[in-house]
Structures are given as C-alpha cells and as structure tokens.
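Working notes, structure below.
The values are calculated or read from the model by the stated rules, or taken from the named source; none is laboratory data. Small disclaimer: the values here were computed from a predicted structure and weren't measured. All Cβ positions, even for glycine, are placed from backbone atoms using ideal geometry, and neighbour counts span all protein chains on display. Only protein heavy atoms, including side chains, enter the accessible area calculation; ligands, DNA and RNA are left aside. Shrake-Rupley method; radii C 1.70, N 1.55, O 1.52, S 1.80 Å.
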Amino acid sequence: MIYETYVPPPPLNAFIANFWHWEGDNPGHAKDTVMASSRLAILINLKEDALDWYGGKDFADNNRLKGMALCGMHTAAFAINAYQPYMMGVDFKPGGAAPFFRAPMGEFQNNHVSLQDIWGPDAERLHQRLIQAPSPRDRFAILQQALLGAAPRDIDFHPAVAAAMTRLASGRVCRVAALAAQAEISHKRFIRLFMDEVGVTPKLYLRMTRFQNLLDRVWNAPSVDWAEAAARHGYFDQPHLIREFREFSGFTPAQYMTMRGPYTNHVPLTG
C-alpha cells in the first residue's frame, strides 16, 4: 500500500486540508460505507475514467460518473467501491470548496458531480495529465496549479461565515440568531451566506461537526462510555447521541464499534 499526502502552500492551505494519493491492494470486501461529513472533496480515478457510488436501500443503487468528481457535503451515509487501486483526491476544509466552483455549495449537497459538468473540457484535459504524470508529487503540482487557475484572484471566506465556523467547531450549541447578530446581518441573509459557502444550514453543520468530533474520539478507543461521551460532546443524553449517530452513519454506536475498519469515516460492508 502507498498513501501520500501533501498540504499546499498559501493561499490554498486556508481552504484545503490536503491532497492525497493512494495505491492499494484488494481489501477483501466489495463496498465501504462513508459517513456523513461536513467536508467536500474531489475524487480522481487514475486507473479508468469512471467513479461509482451507491445509495438507496442497502446501498443497492449504483451511480456512475466520469473519473473525476466533486463529492458534495453528505448529510447521510453512502457507499463506494472498496477496491479502487489507483486514486487521488483533494480534501477541502469546511467551506473551503466554494471559491473553486463558483456555485452555491448547497447545490452539491448529498450528491456527486462530474468535474466535466463544472469545469467543462478543462476537466478532461486535467484528468489525462494526472494519469500520465510520472509520480504523486508531479500530480500534486498539476492539481495545485489547476485549482489556483480555477479560483478567483482574491479568495477568502465571508467574514460572517468564517467567524461562525470558528464558533461552531466545538460542536457545542450556539444560537443561529446570535451568530447573525454578531456578524451584524439579518438572520435570513446569514443562513443564505452559510449555505452558499458551506453547503448546509448552520444548525445542521453544528450537528454534523458534533458527530465528527465524537467519531474522531471513539474510532480507535478499545471501549466507550457512551453516557460520558454524550455529555462531553454536547448531546442532551445518551439516547440523543444514539439517534444522531444512526442518522449520520446508518449504524448504532455499538454496531460501529464492532464493524469499524482502519479509517475513521469508513465502515467495511462485509455482508
């Protein structure tokens, strides 16, 4: 297995968590469940011009796109092929994808979209250059230049959105009206700005952030006191935690702990 990551320099590092490159072996199961996440990503198949993802009951609905796609913010779990031996991608920070696609991020919620449908023929040319590049580092450099070219000259977060994401990062309850008042804009305008840059409402973003914070803490733990975890992460009680865990993952906390795999946000589907 080969897994490399790269954090781009400014100004991209304010918007992008990392670029990654993966070459792996067959894991022995067909699909992975991917949990709900507040981050958007670019996925690139370096082996063929196709990407598959699955939704619907028991993830039986197969959706196929061209080999480069934007994975929007997902508020529920979906599934992917577990064996994709040559892949690379971009993980955006929350709200970080907006400058590069010049469309309201809410349009991509719970969806995957071919980059050709956004960037046109430039996406196909970029895909071919990435496939033909001799090394991961060369591919990172090519992708970095493509993103700089797609961004406006001055890229930045709206100050109201940036301040709100900082306040919401802990997952602790914070009233949307208070965030709007702090930014000195109307409640309605604040929600629209947040939706356009981040992809979901502030209230839903808070819930998803709380879930991801919880997941990061319990993923590698040998055992978990769920009542203590609920209190630590701002849930009303343990039943509240269980309801939200099931909504965002498709599993109960106990099922997740039994089925969890080597990656925090993925669960192998072995059945």
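Here are some notes:
- Test result for LEU215, within 27 Å of PHE100 (Cβ to Cβ) and in contact with a Leu (Cβ under 6 Å, 6 or more places away or on another chain): no
- Restricting the stretch 132-150 to residues that are touching a Leu at 6+ places or on another chain (Cβ under 8 Å) and surrounded by fewer than 17 Cβ atoms within 10 Å (Cβ to Cβ), the residue that is nearest to LYS188 (Cα to Cα): LEU148
- One residue alone among PRO8, PRO94 is open to solvent by 20 Å² or more (accessible area, probe 1.4 Å) and touching a helix residue (DSSP H, G or I) at 6+ places or on another chain (Cβ under 9 Å), and that residue is PRO94.
- Of the strands (runs of 3 or more DSSP E) lying entirely inside the stretch 67-181, those containing at least 3 residues that are not small (Gly, Ala, Ser) are 68-71, 78-81, 86-92.
- Hits in the stretch 226-271 - residues which are open to solvent by less than 60 Å² (accessible area, probe 1.4 Å), under 15 Å from LEU206 (Cα atoms) and within 23 Å of the chain's Cα centre (by Cα): HIS233, GLY234, TYR235, LEU241, GLU244, PHE245, PHE248
- Long-range neighbours under 6 Å by Cβ, at least six apart or interchain, first residue part of a loop (DSSP other than H, G, I, E, B) within the stretch 212-232, second surrounded by 12 or more Cβ atoms within 10 Å (Cβ to Cβ): TRP219/THR264; VAL224/VAL218
- Test: residue in the stretch 156-171 that is touching a residue at least 12 places away in the same chain (Cβ under 8 Å), of a type in the set (D, E, K, R) and crowded, with 17+ Cβ neighbours inside 10 Å: no
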